[in-house]
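What follows is one structure encoded as structure tokens, with my remarks underneath.
The values are calculated or read from the model by the stated rules, or taken from the named source; none is laboratory data. Nothing here was measured: the structure is a model prediction, and the numbers come from that model. Counting neighbours? That spans all protein chains shown, and the Cβs are built from the backbone with ideal geometry, glycine included.
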Amino acid sequence: MTVVDADVDFGELDRQGGLGVRCLGVVHLYRTFEGHDVVALQGVDLSIRPGERVAFLGPSGSGKSTLLTLLGGIQRPSAGRIFLGDSEISRLPEPELARLRSRRVSTMLQGATRNLLPYATARQNIAFARLALSGAERKQAVPERELLARVGLASVADQVVSTMSGGQRQRLALACAVSTGPQLLLADEPTSQLSHEDRDAVISLIHELGDELGTTIVVVTHQPEVAATFPRTITMKGGRVGLEGRDGAEYVVIGAEGVVHLPTHLAEQWPQGTLVRIEPEESDRLVVSRSAEAVGGAGEGEARTE
């Protein structure tokens, strides 16, 4: 079990507060090795308030990891607009975008080794992550050894990354991501290689970053236990935002041209091609029903939206 030092803070960098995120009609295509174009995102509209914490869910290929790299400025969308605060990063010149990525946004890619220098020690990796900070900011930030203690890596501070375990690398990648006190933290599967104890410690650290600095946090995860710690969840389906969870309630999201994704348990019962009727019941309520004939006499189902 990893011991986490709860008495260490993140330092007092002079840019506390989170960045708001807005996506307007974001579309992204990529080309396979065979030369085929694949649509990863199909017109995503999304708004995340400054300081909000959001977990993205969805099956493999739903577009959640692609969206994360777009928000981090690692890729540019094929179409649509993305704003971080007042900056439209989808059209920002590369030098300004690089400055934004290094100072205000931290992106933790899936797979710890993609975020680390394998030939350097843990302390050296954190120092490298802070190269874009000013001298004054580096003095204000929590020292490398104390930050490593926070994630349970004090004993391997001078160990080379290539000799660490997978779990140790994952925690080091998170330590590097938060070492600059970012205004937006983007993390793709940050707990995928961790034990239950380590997973809980890392998620606690992520939330403490939000508490102490007001950082906006967006996490992609396939673990319901991780998603349950976030006040807002977004489920991606087919390159679109399909469902949202807020304060324990689940909502479907009306997309372009009135497209609505059914919740998973209903989609399994009402397969593609099922005929349904949608009728207004009240001003803020619709009744969605399928006829017995549409399901071969299997009975009639009903869903309500409010």
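Would you mind stating whether Ser60 is assigned to a helix (DSSP H, G or I), hydroxyl-bearing (Ser, Thr, Tyr) and either exposed (fewer than 15 other Cβ atoms within 10 Å of the Cβ) or modelled with pLDDT under 90 (or both)?
Working: assigned to a helix (DSSP H, G or I): no; hydroxyl-bearing (Ser, Thr, Tyr): yes; either exposed (fewer than 15 other Cβ atoms within 10 Å of the Cβ) or modelled with pLDDT under 90 (or both): yes.
For Ser60, the condition - assigned to a helix (DSSP H, G or I), hydroxyl-bearing (Ser, Thr, Tyr) and either exposed (fewer than 15 other Cβ atoms within 10 Å of the Cβ) or modelled with pLDDT under 90 (or both) - is not met.
Can you tell me which of Leu205, Leu185, Leu172 is in a helix (DSSP H, G or I) and either hydroxyl-bearing (Ser, Thr, Tyr) or surrounded by 22 or more Cβ atoms within 10 Å (Cβ to Cβ) (or both)?
Details: Leu205 fails: either hydroxyl-bearing (Ser, Thr, Tyr) or surrounded by 22 or more Cβ atoms within 10 Å (Cβ to Cβ) (or both); Leu185 fails: in a helix (DSSP H, G or I).
Every option except Leu172 fails the conditions.
Restricting to the stretch 181-194, name every residue that is over 18 Å from Gly85 (Cα atoms) and not charged (D, E, K, R). Step through it out loud before you land on a result.
Applying the first criterion (over 18 Å from Gly85 (Cα atoms)) to the stretch 181-194 yields 187-194.
Those that are over 18 Å from Gly85 (Cα atoms) and not charged (D, E, K, R): Ala187, Pro190, Thr191, Ser192, Gln193, Leu194.
Considering only residues that are of a type outside the set (Ser, Thr, Tyr), more than 17 Å from Asp158 (Cβ to Cβ) and assigned to a helix (DSSP H, G or I), which ones fall in the stretch 107-144?
Once the filter is applied, which keeps residues that are of a type outside the set (Ser, Thr, Tyr), more than 17 Å from Asp158 (Cβ to Cβ) and assigned to a helix (DSSP H, G or I), the stretch 107-144 yields Ala112, Arg114, Asn115, Gly135, Ala136, Glu137, Arg138, Lys139, Gln140.
Those residues that are in contact with an Asp or Glu (Cβ under 7 Å, 6 or more places away or on another chain) and either crowded, with 19+ Cβ neighbours inside 10 Å or not assigned by TED's automatic domain parsing to the domain that holds Ile206 (or both), I need them from the stretch 87-121; list them, please.
Across the stretch 87-121, the qualifying residues are Met108, Leu109, Thr121.
Looking at Gln159 and the list (1) in contact with a Leu (Cβ under 7 Å, 6 or more places away or on another chain); (2) modelled with pLDDT of 90 or more, which single condition is not satisfied?
(1)
Residue check, Ile74 against (1) in a loop (DSSP other than H, G, I, E, B); (2) touching a helix residue (DSSP H, G or I) at 6+ places or on another chain (Cβ under 6 Å), all met but one. Which one?
Here Ile74 clears every test but (2).
Out of Ser155, Ser192, Ser162, which single residue is assigned by TED's automatic domain parsing to the domain that holds Asp211 and not in a helix (DSSP H, G or I)?
On the way: Ser155 fails: not in a helix (DSSP H, G or I); Ser162 fails: not in a helix (DSSP H, G or I).
Unique residue meeting the criteria: Ser192.
Within the bounds of the stretch 32-55, is there any residue that is touching a residue at least 24 places away in the same chain (Cβ under 8 Å), among the aromatic types (Phe, Trp, Tyr) and over 19 Å from Ala129 (Cβ atoms)?
Within the stretch 32-55 (the criterion being touching a residue at least 24 places away in the same chain (Cβ under 8 Å), among the aromatic types (Phe, Trp, Tyr) and over 19 Å from Ala129 (Cβ atoms)), the answer is no, since none of the residues qualifies.
(1) touching a Phe, Trp or Tyr at 6+ places or on another chain (Cβ under 8 Å); (2) at pLDDT below 70: which one isn't true of Glu212, the others all being true?
Condition not satisfied by Glu212: (2).
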